[in-house]
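Okay, so here's the structure we're looking at.
The values are calculated or read from the model by the stated rules, or taken from the named source; none is laboratory data. Keep in mind it's a predicted model, so treat the numbers as computed, not measured. As a convention, Cβ positions derive from the backbone with ideal geometry for all residues, glycine included, and neighbour counts pool all protein chains shown. Note: accessible area is taken over every heavy atom of the protein model, side chains too, but ligands, DNA and RNA are not part of it. Shrake-Rupley method; radii C 1.70, N 1.55, O 1.52, S 1.80 Å.
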Amino acid sequence: MAAPPILFLQDIRQGFGTTRLLDGASLAVAPGERLALVGRNGSGKSTLLKIAAGLIEPESGTRFLQPGATLRVLDQEPDLSGFADVMAYVEAGLGPADDAHRARYLLESLGLSGAEAPAALSGGEARRAALARALAPEPDILLLDEPTNHLDLPAIEWLEAELAASSAALVLISHDRRFLESLSRAMVWLDRGMTRRLEQGFGAFEAWRDQVLEEEERDAHKLARKIVREEHWLRYGVTARRKRNVRRLENLQTLRARRRERTTAPGRVSMAATEAGASGNLVIAADNISKSFGDRPIITGFSTRIMRGDRVGILGPNGAGKTTLLNMLIGTLAPDAGEVLLGAGIEMVGLDQRRAALDPAVTLAEALTEGRGDMVHVGGAPRHVLGYMKDFLFTPEQARTPLGALSGGERGRLMLARAFAKPSNLLVLDEPTNDLDLETLDLLQELIADYAGTVLLVSHDRDFLDRCVTSVIAFEEAGRWQEYAGGYSDMVAQRGHGVRARAAEKAAPASKREAAPPPAKPAPRKKGLGAVEQHELKTLPAKMEKLAVEIAALEKRIADPAFYARDTAGFAKAAGALGAAQAALQQAESRWLELEILREESGG
């Protein structure tokens, strides 16, 4: 018998103005369950999560939380005012029985020391502090809204492992496919105000969603045909049997009412990049380029050749210099040493991750037409701005909306619309996946795959990189960068590990480091393990067991003699995943042995 839910929402209804956001939505969370909540940008996912957390009172519906159950929610806009430092903010979320050492372990894992002043934090650092506060108490239920936002790849992979080892029930909202595939065991799809549930993880969701929408289309087609038949009978068959005639007339009106009331399926983004003439065969040639800021090397002796049609991903931890390298490759930043040559006939269009080019006072239509009338030139042909807006899921009513009133996802779609309207043969995309929903990501991936020109892409999204790029340039250490053929998973298979955090200078930008006093000499090691090491020693066995199970499953798949012939790409992906899992297990075992020896030596 299934355990009763510890959190239950039923028939939740909530609207804003004339928009009905939630219209009978439900959510049930059992102990230890792993739920992913998915849906279009603006469908009401965050609102439903806030209602589940008790932060918003719905217009109608029932919310039940099991008495005594502890619940924590990740704040999208955390308020750290009133706290002396980040550590005080995180510790304020702990209960009397919670482990105070866990707060320091989480902050250090997320690249913070705890001594930072709240007023000096960037938006990303404040989100990391909020994540540490949500995770620190080890609650019964964790509600996480886009927890990977502002995290780099090392932090995302650390968070995956941390949540996988947690006993808390999870409800996740995320656009990161790999993150959802790793953690979800059931799906809740919020679509047109209603929720549907699938008792499988994200890997099965998209095929199931498409099947549901196809069935809806078939039902709508059958309903339309039935209405046509009834209208035909009404016009030509009303001759007798008045009572039956009245019933059939009532039936027709009922059918028409059903059709009017039926909410249409969500639209799809229609994207097509305007391509310029072909560039030369050689697009970018970088020869032994280097760049330093002060005494810190960012790029050291890097060389590459990027040819027409290449799709190159640039990845590394935050602060490694990804955007610096990108700007050097496209010629907007000069190297300290070495040379960058750009090929002939290049027409470049870029997408800025900070959306810096958007003036909040300008309207949506003006941003697309650049203030020149009501036409947008796409592919050399004029299009009315309202029609082009619809391709990117904007309504005609939003034409006069100032950009400052748009959501993050809407601003992301606008930047894509502006970029794809311009002729280009080199696309430069710096974190293009920020705030985009899964459907828009699918279509962006299709666009990049079909694009005839060259693509330079900076991203922390592993699945997006695997689907889009032909090679990756990855940060190694101390300003060294290395190019690998294939996507992210191919890189992991080749070098045996993913992207690791920088060994030094993780917590503060250069300006803060220069102003800070010189670090004190490290204190001699105390007897016994520190709090972080104790926690690591405690959690490593579960991590090793999980990796062993994963390795056994992958070895069983690869052992199937028909697997390679049936799915060559799948076989290569499974082989790469096996190599990465074996390397991770070896690393975990070595670390566990090291910590166990330290524990025994100290008599702990």
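Results, tabulated for the structure shown:
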item	result
In segment 10-46, residue nearest to the chain's Cα centre (by Cα) [restricted to those that are among the polar types (S, T, N, Q) and either outside any helix (DSSP H, G or I) or buried (at least 21 other Cβ atoms within 10 Å of the Cβ) (or both)]	Asn41
Qualifying residue in segment 333-343 (condition: touching a Gly at 6+ places or on another chain (Cβ under 9 Å), closer than 18 Å to Val472 by Cβ, modelled with pLDDT under 90 and open to solvent by 50 Å² or more (accessible area, probe 1.4 Å))	no
Output for segment 371-386, where each listed residue is surrounded by 12 or more Cβ atoms within 10 Å (Cβ to Cβ) and part of a loop (DSSP other than H, G, I, E, B)	Asp374, Gly379
Breaking point among (1) surrounded by 17 or more Cβ atoms within 10 Å (Cβ to Cβ); (2) at pLDDT below 90, for Arg229	(1)
Test: residue in segment 387-409 that is buried (at least 16 other Cβ atoms within 10 Å of the Cβ), among the basic types (Lys, Arg) and more than 22 Å from Leu315 (Cβ to Cβ)	no
For Thr70: the one exception among (1) open to solvent by less than 40 Å² (accessible area, probe 1.4 Å); (2) touching a residue at least 24 places away in the same chain (Cβ under 8 Å)	(1)
Helices (runs of 4 or more DSSP H) contained in segment 74-181 and holding at least 2 residues of a type in the set (A, V, I, L, M) and open to solvent by 30 Å² or more (accessible area, probe 1.4 Å)	153-165
Filter result for the condition that a residue is within 22 Å of Ala452 (Cα to Cα) and either of a type in the set (Lys, Arg) or in contact (Cβ under 8 Å) with a residue 12 or more places away in the chain (or both), over Arg418, Arg383, Arg411, Arg372	Arg418
Pairs, first over 17 Å from Asp490 (Cα atoms) in segment 556-571, second small (Gly, Ala, Ser) and in a helix (DSSP H, G or I), C-beta under 7 Å, six or more apart	Arg557/Ala574
Flag if Lys556 is out of contact with any Pro (no Cβ under 7 Å at 6 or more places or on another chain), more than 30 Å from Pro118 (Cβ to Cβ), surrounded by fewer than 17 Cβ atoms within 10 Å (Cβ to Cβ) and at pLDDT 75 or above	yes
Out of Ala485, Ala501, sole residue that is modelled with pLDDT of 85 or more and either open to solvent by 20 Å² or more (accessible area, probe 1.4 Å) or more than 27 Å from Ile173 (Cα to Cα) (or both)	Ala485
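Residues are listed down the side, and each one gets a yes or a no for (1) farther than 19 Å from Arg178 by Cβ; (2) β-branched (Val, Ile, Thr); (3) free of Cβ contacts under 8 Å to residues at least 24 places away in the same chain; (4) open to solvent by 10 Å² or more (accessible area, probe 1.4 Å):
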residue: Leu441; (1), (2), (3), (4): no, no, no, no
residue: Leu457; (1), (2), (3), (4): no, no, no, no
residue: Leu465; (1), (2), (3), (4): no, no, no, no
residue: Glu476; (1), (2), (3), (4): yes, no, yes, yes
residue: Ser489; (1), (2), (3), (4): no, no, no, yes
